[in-house]
Amino acid sequence: MDLDTLYRTSVEGWSGRVSGIADDQWDLPTPCSDWTVRDLVNHVAGEDLWTPPLVVGKTIAEVGDQFDGDVLGADPIGTAQSAAAAAVTATSAALPGNGTVHLSFGDFPGSEYTLQLFADHLIHAWDLARAIGADERLGTELVTSCATWFGAVEDAYRSAGAIAARPPVPGDADAQTVLLARFGRQA
């Protein structure tokens, strides 16, 4: 799969799980410590709202605080779906030029930022599925691609506090279980 397809597919997996959230599930805990389902969806929707301005070269300062706080409002599923669709459209348009994305922790090529987005949607799709009792399976090619990319950045993510310590996994664990453990999740 090319990068655009990887990202699009991970967002589709995320969005499919978002559409399955029942009204009484928004306050459920998630594998992300201290986050409810609503907090998790708000995090990813906020990231999706940031994506269009960032992939066209805007800085954090230029975007400002417009996406701080609760971005979901009264229609959390609709807002999350709309934000995800806009992020995919913007990223697909920007990827061929692969410009620079200005993040709070440095400047990155657009392709690297897209890999970060891909991984975040993939792992948080599992988090959401676990929280709401949905299908937790992630696509084999998505898992393999994410694991390959994450090998070069895992230590940096962990030292920055972005992920928890790796829980132990059995020696015969499948690739998804190993990947989730690398992201600090106990599958």
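Below is a table of values for the structure above.
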quantity	calculated
10 Å-binned pair-distance histogram of the range 109-161 (Cα, whole percent)	22, 50, 26, 2
Stretchable slack from Ala74 to Ser92, in nm (0.36 nm times residue separation minus alpha-carbon distance)	3.6 nm
Estimated distance in nm for a label pair at Glu62 and Arg166, the labels positioned 7 Å out from Cα along Cα-to-Cβ	3.9 nm
At most 14 other Cβ within 10 Å, DSSP loop - trypsin sites (Lys or Arg not before Pro), the range 149-187	none
Interatomic Cα distance distribution for the range 1-105, bins of 5 angstrom, percent	2, 12, 21, 23, 19, 14, 7, 2, 0
Per residue Cα convex hull volume in Å³ - calculated over the range 39-99	68 Å³
The range 49-124: chymotrypsin sites (Phe, Trp or Tyr not before Pro) in DSSP coil with no more than 12 other Cβ atoms inside 10 Å	Phe105
Value at 222 nm in deg cm²/dmol, rounded to 500, when DSSP H runs of n ≥ 4 in the chain each add -39,500 (n - 2.57)	-18000 deg cm²/dmol
Under-5 Å amide H pairs with Val101, H placed in peptide plane, nonlocal only	Phe108, Gly110
Cα-Cα P(r), the range 77-168, percent of pairs per 5 Å interval	2, 11, 16, 24, 23, 15, 7, 2, 0
Length gained when the stretch Asp135-Phe105 is fully extended (0.36 nm per residue, less Cα-Cα span)	7.5 nm
Area accessible to solvent at Glu141, 1.4 Å probe radius, in Å²	90 Å²
Gln186-Asp23 FRET efficiency (beta carbon distance; Förster radius 35 Å; 0.05 resolution)	0.80
Between the range 149-175 and the range 1-64, the Cα center-to-center distance that results, in Å	20 Å
Debye, to nearest 20: dipole size of the chain, +1 on Lys, Arg Cβ, -1 on Asp, Glu Cβ	340 debye
Label assignment, Rg/Rh (Cα atoms, Kirkwood Rh) derived from the structure, set [x] 0.97; [y] 1.18; [z] 0.94	[z]
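The values are calculated or read from the model by the stated rules, or taken from the named source; none is laboratory data. Just so you know, these numbers come straight off a predicted model, no measurement behind them. Glycine also receives a Cβ, built like all others from the backbone with ideal geometry; neighbour counts cover every protein chain displayed. Side chains are part of the model used for accessible areas, which takes the heavy atoms of the whole protein and leaves out ligands, DNA and RNA. Shrake-Rupley method; radii C 1.70, N 1.55, O 1.52, S 1.80 Å.
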